[in-house]
Amino acid sequence: NDGGDIGYIAVIGNDWVCSSQPSDSAMGVIVYQTADSGSTWNRIAGISLSALDPLLLNNGSLYQAGDRFDIGVDKHNNLHIGLPVVPFLPGNAIAPSYPQGSFGLFDITLNASTGNSDACLLSHVKSYYGGNPVSPDTLLLEDNRIQFSRSWDGSKIFFTWFDTDTAFYATVLNNYPDMHSIGYDVDQNLWTSDFNFTAGTGL
């Protein structure tokens, strides 16, 4: 936070040991919090990513964390985790593409006062990974790379990411990404619409 006493560390990981991965356990977000300027750190409860199924395919599927996430705090010291959530694959494998509707970008919020967590679906992105970097028609390939930013006072937060319109480009890969952003007003508890800054530009 701005005062420096409350802080967070977040990593992608899991709780299973060595080769004993349960069939229903996958990579999630592990978060530690300090309330004394880093003298001590405590793990705080997260959210079950498979509990997000009603916001995705809603067929009882299991989910795991994608990579390239970002975190930040708002004016109330609540942690916001911008995270891709993708279908579970054995061994925590990450696929280059997934069926439409089966994955999305989320804001997972951890309340600094209550310890409760919540999740908001930011986007049913159409693509996930970019394609072959040596192919001449995929030079603009990109992953979603969701990023967090905020206003100086933490009353407004923003998420920005890259996504290819697969209906416009005949690909399931993120080879022709547009830059999308969405904003949240902390005081009003209101989200903006997803805004595409590069729609129709081929960039």
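Here are some notes:
- The number of residues in the stretch 54-78 being closer than 23 Å to Pro99 by Cβ and either modelled with pLDDT of 90 or more or buried (at least 20 other Cβ atoms within 10 Å of the Cβ) (or both) comes to 8.
- Considering the stretch 82-115, the residues that are among the polar types (S, T, N, Q) and within 16 Å of Leu49 (Cβ to Cβ) include one that is modelled with the lowest pLDDT, namely Asn92.
- Unique residue being open to solvent by 80 Å² or more (accessible area, probe 1.4 Å), without any contact (Cβ under 8 Å) to a residue 60 or more places away in the chain and touching a strand residue (DSSP E or B) at 6+ places or on another chain (Cβ under 8 Å) when the list is Ser193, Ser181: Ser193
- Ile108 meets all of the listed conditions (1) within 21 Å of Ala26 (Cβ to Cβ); (2) out of contact with any His (no Cβ under 8 Å at 6 or more places or on another chain) but one, namely (2).
The values are calculated or read from the model by the stated rules, or taken from the named source; none is laboratory data. Remember, it's a predicted structure, so these values are computed and weren't measured experimentally. Backbone-built Cβ (ideal geometry, glycine too); neighbour counts: all protein chains shown. These area figures cover heavy atoms from the full protein model, side chains too; ligands, DNA and RNA do not enter into them. Shrake-Rupley method; radii C 1.70, N 1.55, O 1.52, S 1.80 Å.
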